[in-house]
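Working notes for the structure below.
The values are calculated or read from the model by the stated rules, or taken from the named source; none is laboratory data. Owing to the predicted nature of the structure, the values given are computational and were not obtained by experimental measurement. All Cβ positions, even for glycine, are placed from backbone atoms using ideal geometry, and neighbour counts span all protein chains on display. Each accessible area value is taken on the protein alone, full model and side chains, heavy atoms only, with ligands, DNA and RNA left out. Shrake-Rupley method; radii C 1.70, N 1.55, O 1.52, S 1.80 Å.
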Amino acid sequence: MQMVTGGKSTIKGQAFARDNESGIKGIAVLNMNKKQYAARGTTVVLIPYTAYYKEWIEVSKKYGKQGKVVELPKEARECIRITQVTNDEGQFEFTNLMPGQYLLYSQFGYEHTQHASEVVGRRDHYINNSYQGSSDILNYFTYNVNASAYVDKVVTIKKDGDVEQVKLKKTL
């Protein structure tokens with residue numbers, strides 16, 4: 001509990017998603033792919049990333065695959081801090097933190113751009129009345145779909161009084 005109440009450090013951040021239009025997995029073209037910020041009021045969670053919580057996360061993953069829920073004791077739940085995105089640029093902040101490691105995570109919706117093509121016909125090619133082959137006639141289109149971004153990051157505060165700037169981002 002002292003890690004999340006007894007210090008002078010701050011974690012400031014921004015949560016956003018960005019579509020990948022570059023064709024290279026995980027890399028977005030900065031000038032083409034606009035940031036889509038987490039909406040005002042989106043929840044951001046901070047967990048002290050201690051050995052206890054790391055073990056709980058692993059056990060939860062293991063039992064979660066079996067459909068079971070592993071509850072945290074009340075004392076451990078009280079150490080988890082929650083804040084909300086405060087503006088239209090996805091910004092959030094946690095204060096009064098001590099040095100150590102923290103796990104931040106959030107989940108929010110955004111618009112994902114999809115591209116598709118459809119074969120709408122065939123074109124035959126002839127030279128001197130001799131059939132040479134065919135090619136597809138394609139119709140290309142783009143549409144937007146609702147998507148969900150789950151973002152997380154481990155942040156380390158090295159000394160009391162530090163202000164850490166973080167970006168919780170998802171790039172498709």
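Summary of values
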| quantity | calculated |
| --- | --- |
| Residue in segment 107-120 that is open to solvent by less than 80 Å² (accessible area, probe 1.4 Å), under 22 Å from the mean Cα position of the chain (by Cα), hydrophobic (A, V, I, L, M, F, W, C) and modelled with pLDDT of 85 or more present | yes |
| Pairs with Cβ under 7 Å, 6+ apart, first in segment 67-88 and open to solvent by less than 100 Å² (accessible area, probe 1.4 Å), second acidic (Asp, Glu) | THR83/GLU93 |
| Contacts under 9 angstrom Cβ, first residue in segment 122-137 being free of Cβ contacts under 8 Å to residues at least 24 places away in the same chain, partner among the hydrophobic types (A, V, I, L, M, F, W, C), 6 or more apart | ARG122/ILE137; ARG123/ILE137; ASP136/VAL119; ASP136/VAL120; ILE137/VAL119; ILE137/VAL120 |
| Matching residues in segment 98-140 - criterion: being of a type outside the set (Ser, Thr, Tyr), in contact with a Phe, Trp or Tyr (Cβ under 8 Å, 6 or more places away or on another chain) and farther than 30 Å from GLN2 by Cα | GLN114, HIS115, ALA116, GLU118, ASP124, HIS125, GLN132 |
| All positions within segment 121-172 that are aliphatic (A, V, I, L, M) and surrounded by 10 or more Cβ atoms within 10 Å (Cβ to Cβ) | ILE137, LEU138, ALA147, ALA149, VAL151, VAL154, VAL155, ILE157, VAL163, VAL166, LEU168, LEU172 |
| Given (1) open to solvent by less than 60 Å² (accessible area, probe 1.4 Å); (2) closer than 28 Å to GLY6 by Cα; (3) within 23 Å of the chain's Cα centre (by Cα), index of the condition GLN36 fails | (2) |
| Selection count, segment 46-75, where residues are touching a Phe, Trp or Tyr at 6+ places or on another chain (Cβ under 7 Å) and either over 18 Å from GLY7 (Cα atoms) or assigned to a helix (DSSP H, G or I) (or both) | 2 |
